[in-house]
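The values are calculated or read from the model by the stated rules, or taken from the named source; none is laboratory data. Here the structure is a predicted model, which is why all the values come from computation and not from measurement. All Cβ positions, even for glycine, are placed from backbone atoms using ideal geometry, and neighbour counts span all protein chains on display. These accessible areas exclude ligands, DNA and RNA; they are computed on the full protein's heavy atoms, side chains included. Shrake-Rupley method; radii C 1.70, N 1.55, O 1.52, S 1.80 Å.
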Amino acid sequence: MSERFAEKMAQHDVAKDTRLLGDFAVIYCNDNHPDAERAPLDSSGAALGVYGKRRPAVCVECAELLAYAEKRRASCPKDPKPFCSYCDTHCYRADMRERMRDVMRYAGPRSVLRGHAIDSVKHLIEGRRHARAAARDS
Ligand code: SF4
Ligand SMILES: [Zn+2]
C-alpha cells in the first residue's frame, strides 16, 4: 500500500465516498449473489480502518470490485468529484465500469431505506443532468 493511498484514504470525503460504495456493494451483493459466501472485506482501505468496525460483508467478486474502486477513488483527479457512473473521464477498466454501474443502478434507489437518502437523491439528480447533457450532445 502506498503512502499516497493512505494519505488519500485519511481524507474525510474520500473515506466517506469509499464507505458509501461499501454500503452499496452490500445491498447489491445480498440481493444479487444470494448463494455466495460472504466475508468482511479484506482490502487496503479496510486495513486502514476506512469502514470502521463494520467492514462490508461481501462475496469475492464484490470484494474485488470494492478493492479496485478504493484505488480508483484514491487516485481520482476530479474535484468536485461526480458519481463515477456519470464521470466524463471515466478511469475504470471497461469491465469494472460495467460492474460498478450495475451496483450503483441497483443499490442507489434501494439505499434510501438504509440511511442514504441524500446520496440517493444526489445520484438521481446527477443521473438526470447527465441524461439531459447526453441528449443535447446527440
Ligand atoms: S471515474 Fe471519474 S469520478 Fe470516478 S474515480 Fe475515476 S476519474 Fe474519479
Ligand atoms: Zn457479491
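Summary table
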| quantity | calculated |
| --- | --- |
| Selected residue (criterion: surrounded by the most Cβ atoms within 10 Å (Cβ to Cβ)) from residues of region 1-34 that are within 18 Å of Y106 (Cα to Cα) and over 14 Å from the mean Cα position of the chain (by Cα) | N30 |
| Scan of region 49-71 for residues that are aliphatic (A, V, I, L, M) and either over 14 Å from M100 (Cβ atoms) or more than 11 Å from the chain's Cα centre (by Cα) (or both), ordered by number | V50, A57, V58, V60, A63 |
| In region 58-69, the residues that are away from ligand 1 (no atom under 14 Å from the Cβ) and crowded, with 17+ Cβ neighbours inside 10 Å | V58, C59, C62, A63 |
| Selection within region 68-113 - in a loop (DSSP other than H, G, I, E, B), at pLDDT 85 or above, farther than 19 Å from K16 by Cα and acidic (D, E) | none |
| Residue count for region 1-53, restricted to those that are of a type in the set (D, E) and free of Cβ contacts under 8 Å to residues at least 60 places away in the same chain | 5 |
| Qualifying residue in region 34-49 (condition: among the hydroxyl-bearing types (S, T, Y) and part of a loop (DSSP other than H, G, I, E, B)) | yes |
| Inter-residue pairs, beta-carbon under 6 Å, first within 6 Å of ligand 1 (Cβ to nearest atom) and in region 70-81, second polar (S, T, N, Q), 6+ apart | R73/T18 |
| Residue list for region 71-97, restricted to those being open to solvent by less than 60 Å² (accessible area, probe 1.4 Å) and within 16 Å of ligand 2 (Cβ to nearest atom) | M96 |
